[in-house]
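Nothing in this text is a laboratory measurement; each read-out follows from the coordinates by a stated rule. Quantities reported herein were computed from a predicted structural model and do not represent experimental measurements. Cβ coordinates were reconstructed from backbone atoms using ideal geometry, including for glycine residues, and neighbour counts include every protein chain displayed.
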Amino acid sequence: MELPEFAPGLGARVQLTVTDADTAQALGSGDVPVLATPRVLALAEAATVAATARQMPGGITTVGTRAEVEHRAPAPVGRTVVAQATLTTMDGRKLLFDVTVRDEDDVVARVRVERVVVDRQRFIAKALGD
């Protein structure tokens, strides 16, 4: 597998308008009607995937291997949040991203995401026990 080259600074943003399905109540991570921490993580990971998507060669993908979430402020239903991912380091197959999730007023979360470049078919085969 030939590794793609991703330069530090590569980034992408994804946006979400918080719905009832995105809340801590709905996801079982709490009992309040605000953006759930697991949904913050999913949004951050989506931004990291989007950052590499345009330059990813066929047959190659990335998988998440580690994340650190600092959920700093609530975002109620109806609020729009934007996750901005920035690649900070590429070390062999490992990619490290810093992601900031903001609404119009606050930093909602800061997330550090580690992803690893893998051969897609080989990864799926291993996951299925083939």
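Under 5 Å between amide hydrogens, built in the peptide plane, is the criterion, and for Thr65 it picks out Glu114, Arg115, Val116 among residues at least 5 positions away or on other chains. Where does the chain land at 222 nm, in deg cm²/dmol rounded to the nearest 500, when only DSSP H runs of n ≥ 4 count, each adding -39500 (n - 2.57), divided by all residues? Theoretical 222 nm ellipticity from helices: -6500 deg cm²/dmol. Summary of packing: across the peptides 56-68, 27-39, 96-108, the per-residue average of other C-beta atoms within 10 Å ranks them, highest first, as 96-108, 27-39, 56-68. Put simply, the C-alpha atoms of the chain give a gyration tensor, and the ellipsoid matching it has half-axes of 29, 17, 11 Å, longest first. Once the Cα-Cα distance is subtracted from the 0.36 nm per residue extended length, the Asp106 to Thr89 segment shows a gain of 3.5 nm. A simple rule links phi to the HN-Hα coupling: the Karplus curve 6.51 cos²θ - 1.76 cosθ + 1.60 with θ = phi - 60°, which for region 74-86 gives x, 10, x, 3, x, 7, 9, 10, 10, 9, 10, 9, 9 Hz, with x for Gly and Pro.
Over region 19-122, Cα pairs under 8 Å with separation of 6+ residues give a relative contact order of 28 percent.
According to the square roots a ≥ b ≥ c of the eigenvalues of the Cα gyration tensor, what is the shape class of region 7-64, taking rounded for a/c under 1.5, prolate for a/b larger than b/c otherwise, and oblate for the remainder? Prolate is the answer for region 7-64, as a/c is 1.5 or above and a/b outweighs b/c.
Summing charges over all other residues whose Cβ lies under 12 Å from the Cβ of Gly78, with Lys and Arg as +1 and Asp and Glu as -1, gives -3.
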